[in-house]
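Asks: Below is one structure. I have some questions about it.
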Amino acid sequence: MDGSYCESVIRSLEANLSEPPISTKLFLSGATSSREDIPVDSEALEENVLPNRAVAIILSYLPIKDVFRFGFKLSRTWLELWKRNPLVLHDVQLVPDHMKDKIMAGGIFRHNLAPEITHILDMHPGPVDYLRLEYTTWKGGNAQLRLWIEKLISKRVNDLVLYGRWPQEQMDLLPNNIIHCSRLRNLTLCFFQIPHLSTYDSLSFDELRELTVAHCELREPDVCLLLLKCEKLEMLSLGHIDNECMIISSESLSKVNLWNCRFDRLLIMHCPELATLVQVVEHESMHGTHIFIDGTPGIDFMAYYYHDQQTLYIDSTFIEDHPQYEALTVFCMGVKFIGNYQLDVIRDLLICFPNLLEFSITRMDPGERYFTAVIKWKDLIQGISCVKDKLETFSLRNSGLDDSEIDLAQSILMYAPKLRQFSVLAAVGTSDDRVEELQNAIESTTLASCSVIKLQLGTEPE
């Protein structure tokens, strides 16, 4: 794998994976230098003159490496206090000091931290509140990982983030004993081959609330089984997963995040609690996808829908046939303006979502200019129920500021009496003349709403 690919993978993961607890992000070395209000005095440490509560606070602000480094120099009382608190361990805390600058700069770094991790897990009795293994490598295939998972099962791990060893040609096979981590509430897996879960009768994540799987070989039947067994799952995130078909069906899910996934068909079926559907696709990862939303009446936030690569069906009805979906209040889409042939879908979507409050359009081809007839947006927008009764926020991003886009923006201003926020941001590199033309057009428009409190015109930040 070349360096540019690895760097893009890191950027993608950093942008889409949730942040670890704040204590795992501290890069302290030997003292609490970032906490001036907590003095650390060597004599006080040795004499144990501080109350236990103060000791616990100090220990909570020290990276695990520092606690571990001078832990045996501390009194037994201090060591017992450390053991008494739930373990929070991010393997970046064990990285040699001279490599930290490279990590902070986004560099790729792998170091065999397996002995230190094993020793800490042996030393701490549990429970393990948070464990993130991201920068370590290990020897012996997945045997080492299986051993760690066995320890985590006994120590009742709550939040687990595991990265396989990468970059390498063949991904590690995730040990199947992961299915016995029954106390997990949050699980993140990256760069693994996921075993065929249908062969395991005892699979049960009774307490799991959030599941993230990225850059893994994951079969659609295994996703279905996981969703069936995780009866309390609230959020599912999938990144860089390639499958012909992906079916998401769950009684408990409230949010689905998809980034840079490639599916021919995406079926969101029978998810009564689902409120948020987010998909983000980089341009080079664009892939034709048919999206079906059936038996899922409560989605109120959807971003992004890429019309040039995707088709949308709601309750088995194609979007151009105007199925009514009343729950949706926020909708973000990407569309190509070249040739105008895709632009009718904007009107179709506005008709389908009668209670829409926020509508955002991102142009996918801002550098291309078109010369076909301009769509008369004023005729199309006038009379659409969500525009005249509900719409409060409108934005057009990455705009090429062509005549059709300016006309669309003017039409929204003219026919949306409840509009509160309005923005048109041109793509980087758009000429000042085009921006000035936009500003002049907006200034000459009669506003339907007298309460537009945020009117933003200009160019996208570089």
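Asks: Rounded to a whole number, what % of the accessible area of segment 90-238 do carbon and sulfur atoms account for, probe 1.4 Å? Spell out each step's value before the answer.
Replies: Values: 2990 of 6130 Å².
Carbon and sulfur together cover 49 percent of it.
Asks: Each residue of segment 393-409 in turn: what ³J(HN,Hα) in whole Hz from Karplus with 6.51, -1.76, 1.60 and θ = phi - 60°, glycine and Pro shown as x?
Replies: Couplings: 9, 9, 9, 10, 10, 6, 6, x, 6, 6, 4, 5, 5, 5, 5, 4, 4 Hz.
Asks: List every residue whose amide H lies under 5 Å from the amide H of V95, counting only residues 5 or more places away in sequence or on a different chain, with H placed 1.01 Å from N in the peptide plane.
Replies: Hits under the 5 Å cutoff: none.
Asks: For a Förster distance of 30 Å, can you work out the FRET efficiency between the beta-carbons of F318 and N177, rounded to the nearest 0.05? Please report the intermediate quantities before stating the final value.
Replies: Values: r = 46 Å, r/R0 = 1.52.
E between F318 and N177, to the nearest 0.05, is 0.10.
Asks: Given labels modelled 7 Å from the Cα in the Cβ direction, how far is it in nm from T118 to S204?
Replies: 3.2
Asks: Hey, with R₀ at 51 Å, roughly what FRET efficiency would F109 and N355 work out to, going by the Cβ-Cβ distance, to 0.05?
Replies: Values: r = 49 Å, r/R0 = 0.95.
Between F109 and N355 the formula returns 0.55.
Asks: Here's another thing I want to ask about it. How would you classify segment 231-341 from its alpha-carbon gyration tensor, with a ≥ b ≥ c the square roots of the eigenvalues: rounded for a/c under 1.5, else prolate if a/b is greater than b/c, otherwise oblate?
Replies: On the way: a/c = 1.72, a/b = 1.23, b/c = 1.40.
Cα axes put segment 231-341 in the oblate bin.
Asks: Could you order the peptides 320-332, 175-187 from most to least packed, using the average number of other C-beta atoms within 10 Å per residue?
Replies: Details: 320-332: 17.1, 175-187: 18.8.
For the peptides 320-332, 175-187, the packing ranking is 175-187, 320-332.
Asks: Give me the one-decimal nm value for the distance between modelled label points at D97 and H290, 7 Å along each residue's Cα-to-Cβ direction.
Replies: 6.1
Asks: For segment 257-318, what is the accessible area per residue in Å², given a 1.4 Å probe and the full set of protein chains? The partial results should precede the final answer.
Replies: Numbers: 2470 Å² over 62 residues.
That works out to 40 Å² for each residue.
Asks: Taking H as built 1.01 Å from N, whose amide H comes closer than 5 Å to the amide H of Q279, not counting residues under 5 places away?
Replies: L258, A303, Y304
Asks: Would you pull out the residues with amide H under 5 Å of S237's amide H, same chain only if 5 or more places away, H placed 1.01 Å from N?
Replies: The list, which skips near neighbours in sequence, is L211, T212, V213, N257.
Asks: What relative contact order, as a whole-number percentage, does segment 229-287 give when Cα pairs under 8 Å and 6 or more residues apart are counted? Kindly include the intermediate steps, with their values, before the conclusion.
Replies: On the way: 120 pairs, mean separation 20.5, N = 59.
Reported relative contact order: 35 percent.
Asks: Continuing with the same structure: How large is the translational diffusion coefficient of segment 195-287 in µm² per second when you combine the Kirkwood radius over alpha carbon pairs with Stokes-Einstein at 4 °C and 1.567 mPa s?
Replies: Working: Rh = 13.5 Å.
The Stokes-Einstein estimate is 96 µm²/s.
Asks: Could you derive backbone 3J(HN,Hα) for segment 138-153 from the dihedral phi with the Karplus parameters 6.51, -1.76 and 1.60 (θ = phi - 60°), listing whole Hz in sequence and x where the residue is Gly or Pro?
Replies: Couplings: 7, 10, x, x, 8, 4, 5, 5, 4, 5, 4, 5, 4, 5, 5, 4 Hz.
Asks: Which part of segment 407-429 falls in the paramagnetic zone of D389, meaning amide N under 20 Å from the point 7 Å along Cα-to-beta-carbon?
Replies: What the label zone holds, given the 20 Å backbone N cut-off, is 412-420.
The values are calculated or read from the model by the stated rules, or taken from the named source; none is laboratory data. Here the structure is a predicted model, which is why all the values come from computation and not from measurement. Don't worry about glycine lacking a Cβ; one is built from the backbone with ideal geometry, like all the others, and counts go over all protein chains shown. Quick note on the areas: whole protein, heavy atoms, side chains included, nothing else; ligands and nucleic acids left out. Shrake-Rupley method; radii C 1.70, N 1.55, O 1.52, S 1.80 Å.
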